[in-house]
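The values are calculated or read from the model by the stated rules, or taken from the named source; none is laboratory data. Just so we're clear, the structure is a prediction, and the values are computed from it rather than from any experiment. All Cβ positions, glycine included, derive from the backbone under ideal geometry; neighbour counts span all protein chains shown. For accessibility, only protein heavy atoms count, side chains too; no ligands or nucleic acids. Shrake-Rupley method; radii C 1.70, N 1.55, O 1.52, S 1.80 Å.
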Amino acid sequence: MDKLVLIDGNSIAFRAFYALPLLTNSAGTYTNAVYGFTMMLMKVLEEERPTHMLVAFDAGKTTFRHKDYQEYKGKREKTPDELSEQIPLIKEVLDAFGIHHFELEGYEADDIIGTLAREADQKGIPVTIVSGDKDLLQLVTDGVQVLLTRKGVTETEKYDVQGVKDRYGLEPKQVIDLKGLMGDTSDNIPGIPGVGEKTALKLLHQFGTVENVLDHLADLPGKKLKERVAEHQEQARVSKELATIYCEVPMEISIQDISYTPFDPERVAPLFKRLEFKTLLEKVQADGPEAPEELEAIRYHIVTAEDQDEWEPLLKQDCLALFVELTEENYHKAEVIGMALSDGKEYLYIPLETAMQWESLQKWLADERQEKIVYDVKRTRVALKRRGLEFKGYVFDLLLASYLTNPSESGHELADIVERKLDGSLPADEKVYGKGAKRRQLEGEELAEHLARKTSAMIRLYPVLEEELKEAELDELFYDLELPVADVLARMEWHGVKVDRERLKALGEELQQQLDELTDKIYDLAGTEFNINSPKQLGEILFDKLGLPVLKKTKTGYSTSADVLERLAPQHEIVEQILHYRQVGKLISTYVEGLLKEIYPETGKIHTRFNQTITATGRLSSTDPNLQNIPIRLEEGRRIRQVFVPSEKGWYILAADYSQIELRVLAHLSKDENLMAAFRKDMDIHTKTAMDVFGVSEDEVTPLMRRQAKAVNFGIVYGISDYGLSQNLNIPRKEAAAFIERYFESYPGVKRYMDETVQQAKKQGYVTTMLNRRRYLPDINSRNFNRRSFAERTAMNTPIQGTAADIIKKAMVRMDEVLREEGLKARMLLQVHDELIFEAPEEELATLSRLVQQVMEEPVELSVPLKVDVNTGETWYEAK
DNA sequence: GACATCACG
DNA sequence: ACGTACGTGATGTCT
């Protein structure tokens with residue numbers, strides 16, 4: 001079955017260029033447009049499987065259109081050099097793929113595409129056209145469809161005849177009439193002044209074509225419109241002509257000349273290498289013949305009870321790399337398989353069996369003076385502790401170090417770090433062990449060899465990362481904060497949190513009964529049974545069957561998110577029931593069932609893992625289970641907290657949380673007089689903001705005003721935008737913009753600080769927190785509005801969120817010390833971004849409250865006071 | 001595995 | 001005109 005794909009070369013290159021940051025390869029060649037173009041190309045090849053293919057480019061500056069209308073494309077800015085340099089490279093890529101490309105003096109890519117599409121259509125060959133330009137929609141027929149880029153380059157939307165009708169209510173041919181009326185600024189086609197898309201569509205729905213509109217001047221609605229159209233009749237006709245794609249280009253090539261056969265990876269790979277398209281290279285090579293990776297041989301030794309004594313001298317050496325291998329990711333459940341040890345010359349693998357009876361090794365592990373380099377201390381410590389082994393003397397953690405050098409980076413597996421900082425000589429665990437169902441545990445020689453590679457990589461990474469930390473002035477943060485925090489977290493995780501299993505079960509049953517009742521009610525109101533959990537089925541019920549208005553769409557269909565449903569609630573009783581169903585359903589699946597699964601039967605405790613190397617801002621995250629998102633906002637969910645109880649009889653839960661830490665940090669960073677004064681007087685900050693923004697006195701602030709002011713404060717912390725605020729408050733954007741303006745008038749120091757932070761980010765490429773934590777913002781100078789705006793908001797938010805994270809981490813380290821110095825039995829259990837949760841015997845509560853407050857309020861010296869509220873109770877729920 | 005949704009700070 | 005609030009993790013659908 002034949003299939004023709006036609007690509008609008010210039011249009012796709014243009015889209016790719018603006019969608020991606022200005023990448024270069026190490027030779028300094030710009031490659032972003034080439035990269036985006038190639039990604040799109042490969043996707044189209046895979047999805048469309050063409051038998052014939054052509055990429056058309058525009059040629060020269062003038063086309064036949066300029067004869068009739070010299071201003072055609074007149075105002076268009078010159079293509080930037082960074083882009084035009086890349087066009088020849090794109091053509092090279094096409095050559096490597098064996099794809100024909102073509103351009104013709106005097107004609108545009110559109111015309112070439114139109115001519116070939118028509119030819120194919122007449123021969124009954126299906127055609128797909130790929131472009132970023134809506135004009136091409138005029139070519140759509142039953143046999144010709146158009147793929148328009150939607151967002152980025154690879155995301156496209158497919159248009160057939162029905163698709164064009166759905167989107168514009170027009171036949172494809174009428175697209176040129178649309179342009180004739182409304183014009184096109186980018187091509188400098190005038191259309192009729194004052195007629196935009198809305199008016200143009202209205203006219204076309206009534207009259208069909210430009211000519212017919214002009215024939216019925218008298219029937220047009222509105223005096224102004226009549227005048228305008230009458231005055232610009234000729235201009236409309238010319239505009240329509242300019243927008244019309246010419247489908248009879250005289251060219252010597254036709255369809256049989258542009259056949260395409262699947263490309264040869266051998267031809268493509270060298271070019272991808274030169275351009276440094278790593279992921280694409282892997283992709284074409286994976287499709288092609290498997291090239292086994294060439295790894296250098298490494299000499300290792302598997303230690304046994306018989307020969308362990310020979311290796312004792314190694315344990316006396318200065319600084320060794322240690323890697324402990326586990327059976328699974330969750331180190332609270334995993335078994336230790338064995339450990340690898342190296343000084344950079346010898347590579348040892350010590351099976352657990354050997355380790356468990358090798359006394360000098362155990363002594364070495366526990367000896368604080370014996371320095372070790374590890375990858376993930378927290379994991380290592382907990383895993384060894386489960387085997388009853390003490391672990392001390394770790395002086396460097398490659399995982400934490402890698403994270404600090406660039407917290408935005410997504411992977412910090414040892415292999416990822418080797419890839420980034422060295423030479424990629426360590427195969428990823430996933431490659432070696434396989435993933436999913438294919439995962440297997442290596443044994444013996446194979447395992448020993450892989451682990452030897454790991455310790456070898458660690459030895460080589462150490463000086464590189466150490467130097468990098470120093471270079472970026474991250475060493476203090478690393479040694480004095482993150483490394484000690486890992487230690488504190490290890491203790492918290494190891495100790496765990498006690499959960500009242502029976503109470504959780506009872507709560508679950510109660511909720512399940514509610515859910516059943518809600519389900520019946522919803523089926524009844526809907527008149528049918530369906531899966532309420534399926535947004536698709538729910539959307540069909542609400543919007544098709546019950547005819548509720550569609551306020552928002554997602555890319556796959558109707559949106560049924562809570563903010564939409566809340567607005568629909570007054571229109572139909574079912575909506576409120578669904579909201580309630582969702583709420584209860586969430587509690588059951590995530591919190592009741594989810595938590596029950598995580599309770600360790602022997603102890604009745606939950607042991608979460610705090611991830612210290614995930615967030616871009618320096619915060620922690622928590623998994624398996626996530627104990628940082630236990631419900632609190634709604635009473636029904638808040639009851640989940642009743643099941644979190646002290647682990648010993650007669651003990652209590654103590655919760656200490658920072659009051660407005662982020663806004664206090666902002667006051668400090670910005671030195672805004674008004675904001676600092678507010679906190680020094682310990683005012684209610686949202687009320688204060690309301691007074692300033694609405695220009696009223698304290699007792700005139702209404703609950704609504706305070707609520708809106710609170711949203712403004714959130715907006716400020718998040719890196720304000722009028723649109724975001726308007727969405728949040730459900731108000732027009734102009735009103736939101738006015739709020740922001742009033743805010744900045746009242747807090748000029750904040751405004752200045754935000755501007756300076758963004759400027760600084762643009763200049764140096766990153767922002768920092770109070771303790772020098774660093775986040776790079778590669779998009780801060782992007783010419784893509786979206787990317788740049790996002791980076792700017794991030795630049796404003798990260799120093800605030802990140803400094804708050806620095807502060808609580810420091811408090812945790814200090815608090816852990818204080819607990820031991822004071823000889824308290826109390827334990828730190830959890831951290832939830834701005835609060836710390838403890839458990840303690842009753843007699844320690846008063847002391848602990850005092851100490852916690854004191855410690856949390858003084859980790860850093862700010863220009864405003866830090867404030868901490870402390871609460872105690874028999875459960876987490878009570879400690880409010 | 002992607003997507004939508006929703007829990008938290 | 002562009003189209004978003006900042007930072008996370010878990011769950012259920014559906015392909």
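Considering only Cα-Cα distances, which of the following residue pairs are longer than 27 Å: A:91/A:283; A:123/A:179; A:198/A:240; A:688/A:734; A:158/A:553?
Numbers: A:91/A:283 20 Å; A:123/A:179 29 Å; A:198/A:240 17 Å; A:688/A:734 23 Å; A:158/A:553 17 Å.
With Cα atoms farther than 27 Å apart: A:123/A:179.
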Revision key, fill the gap. One quarter of the C-alpha convex hull surface, i.e. the mean projected area of chain A in nm², amounts to 44.4 nm²
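Tell me, what % of the accessible area of the range A:505-606 is carbon and sulfur with a 1.4 angstrom probe? Walk me through the numbers on the way to the answer.
On the way: 2740 of 5680 Å².
That fraction is 48 percent.
What does the extension gain come out to for residue A:556 and residue A:64, with contour length at 0.36 nm per residue minus their alpha carbon separation?
Details: separation 492, 0.36 × 492 = 177.12 nm, distance 4.17 nm.
Separation in residues times 0.36 nm, less the Cα-Cα distance, equals 172.9 nm.
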Review point. Relative to the longest principal axis of chain A, what angle (0 to 90°, nearest 10) does the C-alpha long axis of helix A:197-207 take?
Key: 40 degrees
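Work out the FRET efficiency for residue A:428 and residue A:158 from their Cβ-Cβ distance, taking R0 = 30 Å, and round it to the nearest 0.05. Present the calculation step by step, with values, prior to reporting the outcome.
Values: r = 36 Å, r/R0 = 1.20.
With R0 = 30 Å, the Cβ-Cβ based efficiency is 0.25.
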Practice item. Using R₀ = 30 Å, calculate the FRET efficiency as 1/(1 + (r/R₀)^6) where r is the Cβ-Cβ separation of residue A:503 and residue A:386; round to 0.05. Key: 0.60
Check your understanding: Among all the lysines, which ones have a C-alpha under 22 Å from residue A:810's C-alpha, if same-chain residues fewer than 8 places away are not counted?
Key -> A:378, A:392, A:470, A:825, A:867
Check your understanding: Residues in the range A:749-770 near a label at residue A:674, defined as backbone nitrogen under 13 Å from the 7 Å Cα→Cβ point?
Key -> A:749-752
Point to revise | Selection from A:180, A:101, A:212, by position along the positive dipole direction of chain A (Cβ) | key: A:212
**Study point:** Share of alpha-carbon pairs per 5 Å distance bin for the range A:4-258, given as whole %
**Key:** 1, 6, 13, 16, 17, 16, 13, 8, 5, 3, 1, 0, 0
Check your understanding: Per-residue ellipticity at 222 nm for chain A, helices alone: DSSP H runs ≥ 4 residues times -39500 (n - 2.57), over residue total, nearest 500 deg cm²/dmol?
Key -> -14500 deg cm²/dmol
Study note, to complete from the structure: For the pair residue A:357 and residue A:237, the simple spin-label estimate (label points 7 Å beyond Cα toward Cβ) gives in nm 10.3 nm
Check your understanding: Can you give me the relative contact order of the range A:301-496 as a percent, contacts being Cα pairs under 8 Å and 6 or more apart?
Key -> 23 percent
Review point. Given 0.36 nm per residue, what is the gain on full extension from residue A:563 to residue A:597 after removing their alpha carbon distance, in nm?
Key: 9.2 nm
Check your understanding: Any idea what the dipole of the range A:804-866 comes to, in debye rounded to 20, about its Cα centre with Lys/Arg Cβ at +1 and Asp/Glu Cβ at -1?
Key -> 140 debye
**Study point:** Cross-link table A:505/A:710; A:43/A:134; A:316/A:385, entries beyond 26 Å C-alpha to C-alpha
**Key:** A:505/A:710
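Taking all protein chains as present, what is the carbon and sulfur share of the accessible area of the range A:663-803, in % to the nearest whole number, probe 1.4 Å?
Values: 3450 of 6880 Å².
Carbon plus sulfur share of accessible area: 50 percent.
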Check your understanding: Within the range A:4-258, what percent of beta bridges assigned by DSSP are antiparallel, to the nearest 5?
Key -> 30 percent
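What's the FRET efficiency of residue A:472 with residue A:636 using the Cβ-Cβ distance as r and R₀ = 56 Å, to the nearest 0.05? Please list the in-between numbers first.
Details: r = 47 Å, r/R0 = 0.84.
The computed FRET efficiency comes out at 0.75.
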**Study point:** Net length gained if the chain between residue A:874 and residue A:252 were fully extended (0.36 nm per residue, minus Cα distance)
**Key:** 215.3 nm
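In percent, what relative contact order does the range A:344-435 have, based on Cα pairs under 8 Å that are 6 or more apart in sequence?
Relative contact order of the range A:344-435: 19 percent.
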Check your understanding: Measuring from a point 7 Å past the Cα of residue A:276 along Cα-to-C-beta, which residues in the range A:15-52 have an amide N at less than 19 Å?
Key -> A:17, A:20-39
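Using the Kirkwood radius over C-alpha pairs as Rh, can you work out the diffusion coefficient of the range A:301-496 via Stokes-Einstein at 10 °C, viscosity 1.306 mPa s, in µm² per second? Provide the component values of the computation, followed by the final result.
Numbers: Rh = 17.1 Å.
Calculated translational D: 93 µm²/s.
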Point to revise | Accessible area (Å², per residue) of chain A, counting only protein heavy atoms and a probe of 1.4 Å | key: 48 Å²
